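Student: Take this structure, written in structure tokens, and hold onto it; I'll ask about it next.
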Amino acid sequence: MAQIFPFRGARYDATLAGAARDVAAPPYDIIDAAGQKALYDRNPHNVIRLELGMDQPGDGPTNNRYTRAGATLAQWMQSGALKRDPQPTIYYHTIEYVPPGADPKGPRKTLRGFIATFKLEEFGTGAIYPHENTRAAAKTDRLNLMEACRANFSPIWSLYSDPQDTILSALAQAAKSIAPSVEFRDDVGFEQRLWAISDPAVTQKVVAAMASKPIFIADGHHRYETALNYQKLRRQQAGQTGTVQGLQPYDSVLMLLTPIEDPGLTVLPTHRVTTTPLPSFDQVKALFADTFDLQEYPFTSQTQAAVRAQFIDAMRTQGRTTPMFGLALKGRAAYLTLALKAAHRPPDSASPRTKLDVSLLQQLVVAKLCPTQQEQEAILYTKDDHEALDWAANGTGTGALLLNATKVSEVKDVATAGERMPHKSTYFFPKPLTGLVMNVMEG
């Protein structure tokens, strides 16, 4: 079902480009303008110049951030700042980190996966499953970049099932006999490591083991759909010049693959913070009393921290067995938990999407508090419990709606059923960095 390939990844030569820590970057879609400039200033070879170039005055069709990225890539490949590995390779990758909200001195988790190229398949073939809808503007931007550079700079992050951990065990065993190609602590304190595994006995074992597995996109839906669009474009161009035989470089895409069962995989909730006027606290309680069992957590300035911890703990604990939400309103010194009453819970026969907490929150809470599309489009999002509650308290928003994280198994169920999740349903963590290894297409 899934066809993956070892590939000759393009990687930085530290002696020419600088240390890996200084040339890598977070995923483009979580970089703001200040972060973009900081990465530009950090190192002249930082991958930001390829992945998210700056617009300049006078930009036009023949000179813009996409064409500059293409020219920069060609220059770096020519100078040797970026070099292709000599043999087809699979890259074993680990990220050791502290989950958001956890004690920084507490136990660290380690996300494990491997980077390879994946043969592009249309959705609906049973080989690869999306779980989110995409937006056209983001795909246009990424297609312009692919056309100019003919490369993938950041991996799409996908999941597969391997309960026995046979694939990563084989790669980890092979990695024991070689030094990591990349090893550094990144800006947020995560330990990044990458091993280049080119032993054909190991890589072919991974290829064979993956062949029977369906793939579920965790992060990178826009880039996957863009790769499909780029493939169609190149095939159309090839059709004008003659018949192309066999698989081409544009028939695959760069991918980080992680087992669904990996204990290092974290899914964070995406909380909603309203910015438009809401009913009063008492009116809100009256609005939801028939549908939810409500529990109020009043606090004073002296007890707020302790009560907040109690409130969040109740949400997390009771939310394991019951759809459970948290609410805070600007100007009200109380938190409120909303536990969905049994009579209002979806039946077991309901679709996987209908049963999601995020779907229930949208249907039963958000739609009542923010009934118009304009009000819903004004909602802010954050993965941080305390940031959501602080935004409501300090007036950045009018109310905070907290929910529990979507389970990885629920993502799989929704995708397998051919459904798509509501907007901002999942935040897989930690996000893989851009620039550790790239797929610069040959030919």
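Student: So what's the net charge close to MET77: Lys and Arg +1, Asp and Glu -1, counting the other residues with Cβ under 10 Å from its Cβ?
Tutor: Every neighbour counted, the sum reads +2.
Student: Next question, about the same structure. Sorting check: for 169-179, 430-440, which peptide has the highest mean count of neighbouring beta carbons within 10 Å, and how do the rest follow?
Tutor: With the highest mean Cβ count within 10 Å placed first, the list reads 430-440, 169-179.
Student: Between ALA211 and GLN318, what FRET efficiency comes out of the Förster formula 1/(1 + (r/R0)^6) with R0 = 45 Å and r the beta carbon distance, rounded to 0.05?
Tutor: My answer for the efficiency is 0.60.
Student: Moving to a separate point now. When the chain is fully extended, how far beyond the present Cα-Cα distance does THR276 get from ASP13, taking 0.36 nm per residue of separation?
Tutor: Gain on extension, THR276 to ASP13, equals 89.6 nm.
Student: Another question, if that's okay. Could you work out how far the C-alpha centroid of the stretch 192-238 sits from that of the stretch 72-132, in angstrom?
Tutor: With the stretch 192-238 and the stretch 72-132 each reduced to a Cα centre, they are spaced 10 Å.
Student: Positive end of the charge dipole of the chain (Lys, Arg +1 and Asp, Glu -1 on Cβ, about the Cα centre): tell me which of ALA400, TYR230, PRO44 has its Cα farthest that way.
Tutor: Of the candidates, TYR230 comes out farthest on the positive side.
Student: Shifting gears a bit: Let me check I've understood the local charge: for VAL284, count other residues with C-beta under 10 angstrom from its C-beta, Lys and Arg +1, Asp and Glu -1. What total comes out?
Tutor: That works out to +2.
Student: Summarise the long-distance tail of P(r) for the stretch 51-150 by giving the % of C-alpha pairs beyond 22 Å.
Tutor: Every Cα pair in the stretch 51-150 considered, those over 22 Å come to 61 percent.
Student: Using Cα pairs under 8 angstrom and six or more residues apart, how large is the relative contact order of the stretch 302-443, in percent?
Tutor: 27 percent
Student: Run the quick spin-label model on ALA367 and ALA179: label points 7 Å from Cα toward the beta carbon, then report their separation in nm to one decimal.
Tutor: 6.0 nm
Student: Here's another thing I want to ask about it. By a straight-distance test (C-alpha under 18 Å), which lysines pair with LYS368 as possible cross-link partners, with residues fewer than eight away in the same chain excluded?
Tutor: LYS285, LYS330, LYS341
Student: I would also like to ask the following. Cross-link candidates for LYS407: which aspartates and glutamates have Cα within less than 12 Å, leaving aside residues fewer than 8 places away along the same chain?
Tutor: GLU261, ASP357
Student: What is the packing order of peptides 187-198, 76-87, taking the mean over residues of other C-beta atoms within 10 Å and listing the highest first?
Tutor: Top to bottom by mean Cβ count within 10 Å: 187-198, 76-87.
Student: Next up: What lysines could a cross-link reach from LYS205, if we take a straight Cα to Cα line under 29 Å and drop same-chain neighbours fewer than 8 places away?
Tutor: LYS83, LYS109, LYS119, LYS176, LYS213, LYS412, LYS431
Student: Just order 294-304, 225-235, 324-334 by mean Cβ neighbour count inside 10 Å, highest at the front, would you?
Tutor: So the peptides 294-304, 225-235, 324-334, ranked by packing, come out 324-334, 225-235, 294-304.
Student: On a full-extension model of 0.36 nm per residue, what is the gain between THR110 and GLN236, subtracting their alpha-carbon distance, rounded to one decimal in nm?
Tutor: Result for the pair: 41.1 nm of gain on full extension.
Student: Averaged per residue, what accessible area in Å² does the chain show with a 1.4 Å probe, protein chains only?
Tutor: Spelled out: the 1.4 Å probe surface of the chain, per residue, equals 45 Å².
Student: Would you calculate the separation in nanometres between label points at ALA138 and VAL188, each defined as 7 Å from the Cα along the Cα-to-beta-carbon direction?
Tutor: 1.6 nm
Student: Next question. For SER79 and ALA34 in the same chain, what is the full-extension length gain: residue separation times 0.36 nm, less their Cα-Cα distance, in nm?
Tutor: Residue separation times 0.36 nm, minus the Cα-Cα distance, leaves 13.3 nm.
Student: Magnitude of the Cβ-charge dipole of the stretch 299-443, K/R +1 and D/E -1, about the Cα centre, nearest 20 debye?
Tutor: That gives the stretch 299-443 a dipole magnitude of about 380 debye.
Student: Relative contact order for the stretch 113-235: what percent, with Cα pairs under 8 Å and sequence separation of 6 or more?
Tutor: Averaging sequence separation for qualifying contacts and normalising by length gives 44 percent for the stretch 113-235.
Student: Sticking with this structure for a sec: Quote the FRET efficiency, to the nearest 0.05, computed for ASN63 versus ALA333 with a Förster distance R0 of 60 Å and r equal to the Cβ-Cβ distance.
Tutor: Calculated transfer efficiency: 0.60.
Student: Using a 7 Å offset from the Cα along the Cα-to-Cβ direction at both LEU228 and LYS119, what is the distance between the two label points in nm, to one decimal?
Tutor: Label-label distance for LEU228 and LYS119, simple model: 1.7 nm.
Student: May I ask for the distance between the Cα centers of the stretch 339-395 and the stretch 156-171, given as a whole number of Å?
Tutor: Here the two parts' Cα centres lie 33 Å apart.
Student: What's the FRET efficiency of GLN374 with ILE260 using the Cβ-Cβ distance as r and R₀ = 30 Å, to the nearest 0.05?
Tutor: So the FRET efficiency works out to roughly 0.20.
Student: Further question on the same structure: The chain: Rg/Rh from Cα coordinates, Kirkwood Rh?
Tutor: Result for the chain is an Rg/Rh of 0.99.
Student: With a Cα-only, solvent-free Debye model of the stretch 58-111, what are the log10 I(q)/I(0) values at q = 0.15, 0.16, 0.18, 0.22 Å⁻¹?
Tutor: -0.74, -0.75, -0.76, -0.84
The values are calculated or read from the model by the stated rules, or taken from the named source; none is laboratory data. Here the structure is a predicted model, which is why all the values come from computation and not from measurement. Every residue, glycine as well, gets a Cβ built from its backbone with ideal geometry; the counts of neighbours run over all protein chains shown. Just the protein is used for accessible areas: all its heavy atoms, side chains included, with ligands, DNA and RNA removed. Shrake-Rupley method; radii C 1.70, N 1.55, O 1.52, S 1.80 Å.
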